[in-house]
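Heads up, the thing below is written out as structure tokens.
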Amino acid sequence: MLMNKFQTGTEPDLVLFFDCPEDEMVKRLLSRNQGRVDDNIETIKKRLKVFESLNLPVVEYYSSRGKAHKINATGTEDEIFEAVRKLFSSLRL
């Protein structure tokens, strides 16, 4: 879960938001080798709704301040890593 400035007393300079469609997240969670005991479609979708309700307002808050950066998280691990690397490289002073 993202922490906001009210919980920590400070505000981050950068927030990464890994954007991935719900169906892809469900697929990934159901296919992992050592998942949770309650990993089933219904429970996962409930957990994702809770995550969304708690975290999207925080992402929107930092987006409105130009601090949130969306990363497309539908690719492979290497593709996602490369997107993060490119973002960090572009932000260097």
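Within segment 67-83, residues that are modelled with pLDDT of 95 or more have Cβ atoms under 6 Å from residues that are of a type in the set (S, T, N, Q) and not in a loop (DSSP other than H, G, I, E, B) in no pair, counting only partners at least 6 apart in sequence or on another chain.
Once segment 23-33 is narrowed to residues that are touching a residue at least 12 places away in the same chain (Cβ under 8 Å) and farther than 15 Å from Asn72 by Cβ, the residue that is farthest from the chain's Cα centre (by Cα) is Leu30.
Taking into account only those residues within segment 47-56 that are without any contact (Cβ under 8 Å) to a residue 40 or more places away in the chain and surrounded by 12 or more Cβ atoms within 10 Å (Cβ to Cβ), which is farthest from Asp19 (Cα to Cα)? Only one residue tops the list, namely Arg47. For segment 66-80, residues that are loosely packed, with under 10 Cβ neighbours inside 10 Å and either in a helix (DSSP H, G or I) or among the charged types (D, E, K, R) (or both) total 2. If you go through segment 51-93 and keep only what is under 12 Å from the mean Cα position of the chain (by Cα) and of a type in the set (Asp, Glu), you end up with just Glu52.
The values are calculated or read from the model by the stated rules, or taken from the named source; none is laboratory data. Nothing here was measured: the structure is a model prediction, and the numbers come from that model. Because the Cβ atoms are built from the backbone with ideal geometry, glycine has one as well, and the counts that use them run over all protein chains shown.
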